Amino acid sequence: MRRFQETERYVLGIGCIVLPLAAWEAVPWVLPLPQGARLFFTTPSQIVSAFIRLIRSGEFQQHFSVSAIEFLLGLGCAVAVGLPLGMALGRFRTLDAALDPYVTALNATPRVVWIPLLILWFGLGIWSKVMVVFLGAAFPLLINTYEGVRNTDRVLVNVVRSFGAREWQVTRMVVLPQALPYIVAGLRLAIGRAILGVVVGEFFGASRGLGYLIASAASNYQPDVMFAGVGVFMVLSLILTFSVQAVESRLSRWRPEAAKTF
């Protein structure tokens, strides 16, 4: 029964992707488009052709490598800062009271307003985009980790402490496992915000990157190239999200089935 449910899930997921793409491909055949409209319309087959052209010319590899470096560095810094800081704010009330106004204010401020300042500080190179990615990804992870720590079962914490466990042992054996679903949810949000940061950062000031490729294609009336870049971001988002879900499922095998998030 369980295997059937998993198979049904994959079939429905693939079907909901294939059917809209097939309908999209059939639009020019079913609805004759005016000549002017064809300038702004493309089909999945044309998008695939444009993607293959970009790969053969080497243009895609150049743009992708820049965006990948920006994404990995920014998300890595967000994890390195957001995760331990969220744990610390959740565990220590004094630190929480001192830093909460800053976290709240920075999280509520739109990331776009920081881009001109970051470009002024770090220039038009890669580091201004890394900082945009970092600011976008750090706060979802920080806040979700904080909420996960704050919702830890206090009874379990007191039981472990009664057996002489130290603070780092309480964190490792009780707090971190119970906060894991929140951390995974925060990481999923952080991945989306990081990809958004790459695109927005490259829109504002860049000469390379997938975001620059999309903006350049849009200004040159190349919807097939534009959708090729968008499709790459969508596929990467799916792969990264499913990878995080797989890691979470593997790490939470000890938890009751009803308590698992995935």
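The values are calculated or read from the model by the stated rules, or taken from the named source; none is laboratory data. These figures come from a predicted structure and were not determined experimentally. Methodologically, a virtual Cβ is constructed for each residue, glycine included, from the backbone with ideal geometry; neighbour enumeration extends over all protein chains shown.
Values computed for the structure shown
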item: Residue, surrounded by the fewest Cβ atoms within 10 Å (Cβ to Cβ), within the range 89-102, restricted to residues that are in contact with a helix residue (DSSP H, G or I) (Cβ under 7 Å, 6 or more places away or on another chain) and at pLDDT 85 or above; result: LEU95
item: So VAL130, is it in contact with an Asp or Glu (Cβ under 7 Å, 6 or more places away or on another chain) and modelled with pLDDT of 90 or more; result: yes
item: Qualifying positions in the range 90-133 - under 29 Å from VAL170 (Cα atoms) and in contact (Cβ under 8 Å) with a residue 60 or more places away in the chain; result: GLY90, ARG91
item: Number of positions in the range 153-176 that are surrounded by fewer than 16 Cβ atoms within 10 Å (Cβ to Cβ) and closer than 21 Å to PRO140 by Cα; result: 0
item: Residue identified as within 18 Å of LEU118 (Cα to Cα) and surrounded by fewer than 18 Cβ atoms within 10 Å (Cβ to Cβ) among GLY205, GLY201, GLY209, GLY192; result: GLY205
item: Exclusive hit being in contact (Cβ under 8 Å) with a residue 40 or more places away in the chain, of a type in the set (Asp, Glu) and within 28 Å of ASN220 (Cα to Cα), set GLU25, GLU59; result: GLU59
item: Residues within the range 150-169 that are closer than 17 Å to TYR182 by Cβ and assigned to a helix (DSSP H, G or I), tallied; result: 4
item: Flag for PRO177 being farther than 23 Å from ARG56 by Cβ, part of a helix (DSSP H, G or I) and touching a Gly at 6+ places or on another chain (Cβ under 9 Å); result: no
item: PRO32 being at pLDDT below 90 and under 30 Å from TYR221 (Cα atoms); result: yes
item: Residue selected from the range 213-246 under the condition out of contact with any helix residue (DSSP H, G or I) (no Cβ under 7 Å at 6 or more places or on another chain), over 19 Å from SER65 (Cα atoms) and surrounded by 13 or more Cβ atoms within 10 Å (Cβ to Cβ), by the criterion modelled with the lowest pLDDT; result: GLN245
item: Among (1) at pLDDT below 90; (2) out of contact with any Lys or Arg (no Cβ under 7 Å at 6 or more places or on another chain); (3) aliphatic (A, V, I, L, M), the one test that VAL149 misses; result: (2)
item: Complete set of residues in the range 195-216 that are within 15 Å of TRP127 (Cβ to Cβ) and either assigned to a helix (DSSP H, G or I) or without any contact (Cβ under 8 Å) to a residue 24 or more places away in the chain (or both); result: GLY197, VAL198, GLY201, GLU202, PHE204
